[in-house]
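Shown next, in structure tokens, is the structure this report addresses.
The values are calculated or read from the model by the stated rules, or taken from the named source; none is laboratory data. These numbers come from a predicted model, not from an experiment. Here the Cβ positions follow ideal geometry from the backbone for every residue, glycine too, while neighbour counts run over all protein chains shown. Each accessible area value is taken on the protein alone, full model and side chains, heavy atoms only, with ligands, DNA and RNA left out. Shrake-Rupley method; radii C 1.70, N 1.55, O 1.52, S 1.80 Å.
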Amino acid sequence: MTASVVLSRREWLLSDRPASRLQARLGRAYVAWRRFSANRLALIGMLIIIALLVVAAFADVLTPYSPTVGDLKNARLLPPGAAHWFGTDDLGRDIYSRVVYGARWTLYVVILVAIIAAPIGLLVGTIAGYAGGWTDTILMRITDIFLAFPKLVLALAFVAALGPGIENAVLAIAITSWPPYARIARAETLTVRNSDYIKAVQLMGASPFRIVLRHIMPLCISSLIIRVTLDMAGIILTAAGLGFLGLGAQPPLPEWGAMIASGRRFILDQWWVAAAPGAAILIVSLGFNLLGDGLRDALDPRSGDQ
């Protein structure tokens, strides 16, 4: 009985003639999940990101010490052990606690950059692709100017102008991250703007703003999600680079890049000071890359069902 119910639900989700929009959307989601779950590396990436979210949400519970207050007299530069799993830094602070709390700042940077940069790129790309002409030329030349500079160098310039700090670092990274999204959105728009679907909407009297907002932008979301996920690792590395140079999060915030910068003086003898946050950056960046690869395979409409 249970097997027949599962089979009937599967047939309902995979129906070629859905009876409602909800059934069609659930069917597409089910097919995408099947493609995604078939990729074991993508599942590993998803588990890493879920672990990051859990660690950031329950940092208060998972950490035995304060991330900012240390015991300079009795716990300075202690090696990893039972009392301090990842050792302590030069100020006697527990590195494990600082790495765990650093997950919050990593998510803070990643989420804010995605919220700021992705909509800007989507808007610029869809407007340029649909309008064409001089509008397309101006917007794409502005995009080319941003793409002409390495992201980290351009972010350094903006942070130097705005001043050091985690908020300014987020703004600088977001300003330098939107051009690739604009390119993707423009390419997607150019493929659909002359389609029969868009022509029919135009004949119905829809305004260009409504066409771009309601009919073109949703078609670009899948490609944009994939690119944003793949760019998360680069965003983390850029934020860590700014923190390493002293232009990102300022002490005593437990940001991973700043932690590596403070530990580089002890890299030969007290290697754990820089190794723990470096390993955290490596694992989280790998998780986002694996997740992005899986989403690319799952959300690509040209992929066949697996």
How many angstrom lie between the Cα centre of the stretch 135-192 and the Cα centre of the stretch 247-299? 23
Using a ≥ b ≥ c from the Cα gyration tensor of the stretch 20-143 (square roots of the eigenvalues), is it rounded, prolate or oblate, where a/c under 1.5 gives rounded and otherwise the larger of a/b and b/c decides, a/b for prolate? oblate
May I ask which residue of Q250, L237, P80 lies farthest towards the positive end of the charge dipole of the stretch 39-299, with charges of +1 (Lys, Arg) and -1 (Asp, Glu) on Cβ and the Cα centre as origin? L237
Once R0 is set to 25 Å, what does the formula 1/(1 + (r/R0)^6) return for the Cβ-Cβ distance between D269 and L91, expressed as a FRET efficiency to the nearest 0.05? 0.95
Just to make sure I understand: if all protein chains stay in place, what is the order of F244, F36, F149 by accessible area at 1.4 Å, largest first? F149, F244, F36
Listed candidates (1) 60, 51, 36; (2) 76, 63, 27; (3) 68, 47, 42 - label of the one calculated as Cα extents along the principal axes in Å: (2)
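Evaluate the relative contact order of the chain (contact order divided by residue number), counting alpha-carbon pairs under 8 angstrom at least 6 apart; express in whole percent.
24
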For the chain, the dipole about the Cα centre with charges only on Cβ (Lys and Arg +1, Asp and Glu -1), to the nearest 20 debye, works out at 820
Carbon and sulfur together cover what percent of the accessible area of the stretch 39-299 at a 1.4 Å probe radius? 70
Specify the residue with the greatest mean-square fluctuation among G243, G292, G278, computed from a Gaussian network of the chain linking alpha-carbon atoms under 10 Å apart. G278
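What number comes out for accessible area per residue over the chain if the probe is 1.4 Å? Units Å², please.
53
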Kindly point out which whole DSSP H helices in the chain project their C-alpha atoms 27 angstrom or further along the helix axis while averaging a Kyte-Doolittle hydropathy of -0.5 or above. 95-131, 166-192, 217-244, 272-299
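Report, in deg cm²/dmol and to the nearest 500, the calculated mean residue ellipticity at 222 nm for the chain, where each DSSP H run with n ≥ 4 adds -39500 (n - 2.57) and the sum is divided by the residue count. Don't jump to the answer; show the numbers that get you there.
Details: 12 runs with 214 residues, N = 306.
That calculation yields -23500 deg cm²/dmol at 222 nm.
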In whole Å, what is the distance between the alpha-carbon centres of the stretch 95-131 and the stretch 39-89? 23
What is the local net charge at I120, summed over the other residues whose Cβ is closer than 14 Å to its Cβ (Lys, Arg +1; Asp, Glu -1)? +2
To the nearest 20 Debye, how big is the dipole of the stretch 11-159 about its Cα centre, given +1 on the beta carbon of each Lys and Arg and -1 on that of each Asp and Glu? 380
Of L282, I44, T137, which is farthest towards the positive pole of the chain's charge dipole, taken about the Cα centre with +1 and -1 on the beta-carbons of Lys, Arg and Asp, Glu respectively? T137
Most positive-pole-ward Cα, G92, W33, W178, against dipole of the chain from beta carbon charges: W33
Mean separation of Cα contacts under 8 Å, 6 or more apart, over the residue count of the stretch 30-189: relative contact order %: 20
